[in-house]
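Asks: Pasting a structure here, questions to come.
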Amino acid sequence: MANTTPVNNNYPLPVVPERLSRQREFLFDGINLRSGELHHKTLTKIIQDIYIPPQRHQFYPYPHIEHEHAAKILGINSSSIYFTPGSDVAIGLILRLIACTTKRLIIPIPNYFGWSDHANLNQIDILPIYFDDQCAENFCIKTLLGAIKTAPPSIVAVSNPNSPTGIEFDNNTLLEISHACAKHGHLLIIDECFIAFGNVNHLDLLGQPEHIIYVQSFSKGYGLAGARIAAIIASSTIIDILSQERTESAISGSTWALLQGMLAKKEHIKQICQSIIQTRKYVIETIMKLRPNWQVLPSGANFINVKTIGDNPAKLVEIAALGGFYIRDMSTQERMNGYIRIGIGELELMIKFLNKIFPSEYYSDEQIYSK
């Protein structure tokens, strides 16, 4: 019998396991460059211009109609996609309803904490593949492939680009992982949360074979973090299993309306994401020019991780906060000691950030800014 605790000496409830606090710190003012939110004035204007009729708040949506409409705009067969109120719910569904048969998860570490949290909640054994920043370009791919080839059938979950490191698997690596998973009986989950800022299109590269599940978030690339909506793309058999919990019914009418409005502006949003990629390049080049001893991890996301060799990361976080910018000290994350994470917003915003973090050394190039 599972560990239980009595309530009023009557009904036994399960014992709550010890776990790290995941409470998000509330920021009263300033700019949040900690959480991968998308900062861009043009995006804000696009969202402001989406009209949401009061009926969207007042009345229940019809999820099956919303589902069909959104799937059509995305170009995905409606039987192969399922929407959830945020990617955390998608991760929980997959681990609870799909990983329950083998109880094994192979995953690079560090990774988004939702994977390990939901695995622990569902008593799923985790086989970690640890990141080593000395071979950052391939995230120790040989170790991951070795585990795929020797482990019994498992869930293999990769975030690409990875969170929290930002490292991105290239096309050849992804093909190798996919082929190995298919050959050895694994289900491959690809978490695409930050794909809008990378160089790989997973669906174009890998297609939709039976052994791959994609988790697609609209929080980062579409700037809808507060709306809480994501999608799972998989075979119709897997979608049938996941849809048993009817999580689409938990998505509000206003969120569906926002999603459809943003999907109608896909090309504009692609341009915004491209501008973020260019700004990321500029920020990295500027930091390396001013601090050549620091180490910047390669990133395919809208953030970078910087190892502040010779400088205290906690002190830099404090300096940034005094200037109205919130960045993250990554030292509590496994294999990330000494790093700070800096979110990348539009160029104007990042120039202000660089002026705050390097007040006596950085002089913004007005030609770059105007360009």
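Just so you know, all these numbers are worked out from the coordinates, no wet-lab data involved. What you are looking at is a predicted structure, and each value in this text was computed from that prediction instead of being measured. Counting neighbours? That spans all protein chains shown, and the Cβs are built from the backbone with ideal geometry, glycine included.
Asks: Using 7 Å Cα-to-Cβ label points, what is the residue 295/residue 361 separation (nm, one decimal)?
Replies: In this crude spin-label approximation the distance works out to 1.8 nm.
Asks: Normalised by the residues of the range 53-265, what does the relative contact order come to in percent, with Cα pairs under 8 Å and at least six apart?
Replies: 28 percent.
Asks: Let me ask another. Mean separation of Cα pairs under 8 Å and 6+ residues apart, divided by the residue count of the range 135-226: what relative contact order is that in percent?
Replies: After rounding, I find 29 percent.
Asks: Output ³J(HN,Hα) for the range 205-222: one whole-Hz value per residue in order, computed from phi by the Karplus curve 6.51 cos²θ - 1.76 cosθ + 1.60 with θ = phi - 60°, and x for Gly and Pro.
Replies: 6, 9, x, 10, x, 4, 9, 10, 10, 9, 10, 10, 9, 9, 6, 8, x, 9
Asks: Tell me which residues come under 5 Å, amide H to amide H, from residue 296 once H is placed; ignore anything under 5 positions away on its chain.
Replies: Those qualifying (amide H under 5 Å, at least 5 residues apart or on another chain) are 307.
Asks: Same structure again: Given N residues in the range 53-265, what is Rg(Cα) / (2.2 N^0.38 Å)?
Replies: Compared with the compact-globule rule of thumb, the range 53-265 sits at 1.01.
Asks: Cα gyration tensor of the range 299-341, axes a ≥ b ≥ c as square roots of the eigenvalues: rounded (a/c below 1.5), prolate (a/b > b/c) or oblate?
Replies: Oblate shape, in that a/c is at least 1.5 and b/c is the bigger or equal ratio.
Asks: In the range 53-265, how many lysine pairs have Cα atoms under 17 Å apart, counting only pairs 8 or more places apart or on different chains?
Replies: The number of close lysine pairs in the range 53-265 is 4.
Asks: Å³ per residue of the Cα convex hull, for the range 248-326?
Replies: It is 158 Å³ per residue.
Asks: Could you give the distance between the Cα centres of the range 298-313 and the range 48-71, to the whole Å?
Replies: Going from one Cα centre to the other spans 40 Å.
Asks: 5 Å is the cut-off here: which amide hydrogens, built 1.01 Å from N in the peptide plane, fall below it relative to residue 127, excluding neighbours closer than 5 in sequence?
Replies: 105, 106, 107
Asks: Pull out a ≥ b ≥ c, the square roots of the eigenvalues of the alpha-carbon gyration tensor of the range 203-284, then state rounded if a/c is under 1.5, prolate if not and a/b is larger than b/c, and oblate in the remaining case. Could the numbers behind the result be given before it?
Replies: Working: a/c = 2.53, a/b = 1.42, b/c = 1.79.
Oblate.
Asks: If you don't mind, there's one more thing I want to ask. Using all Cα-Cα distances in the range 249-289, what percent lands in each 10 angstrom bin from 0 up to the longest?
Replies: Histogramming the range 249-289 at 10 Å steps yields 26, 27, 24, 17, 6, 0 percent.
Asks: Let me ask you something else. With n ≥ 4 as the cut-off for DSSP H runs, can you work out [θ] at 222 nm for the chain, using -39500 (n - 2.57) per run divided by the number of residues, rounded to the nearest 500?
Replies: The helix contribution divided over the chain gives -11500 deg cm²/dmol.
Asks: Relative contact order for the range 71-169 using alpha-carbon pairs under 8 Å, separation at least 6, rounded to a whole percent?
Replies: Details: 109 pairs, mean separation 28.1, N = 99.
So the answer I get is 28 percent.
Asks: Still on this structure, please answer the following. Using the Karplus curve 6.51 cos²θ - 1.76 cosθ + 1.60 with θ = phi - 60°, work out ³J(HN,Hα) for each residue of the range 166-174 in order, rounded to whole Hz, and write x for Gly and Pro.
Replies: Couplings: x, 5, 10, 6, 8, 4, 4, 5, 5 Hz.
Asks: Further question: When the Karplus curve 6.51 cos²θ - 1.76 cosθ + 1.60 is applied with θ = phi - 60°, which whole-Hz ³J(HN,Hα) does each residue of the range 249-262 get, with x for Gly and Pro?
Replies: 5, 8, 8, 6, x, 5, 5, 4, 5, 4, 4, 5, x, 6
Asks: Calculate the FRET efficiency for residue 175 and residue 236 from the Cβ-Cβ distance with a Förster distance of 22 Å, rounded to the nearest 0.05.
Replies: 0.40
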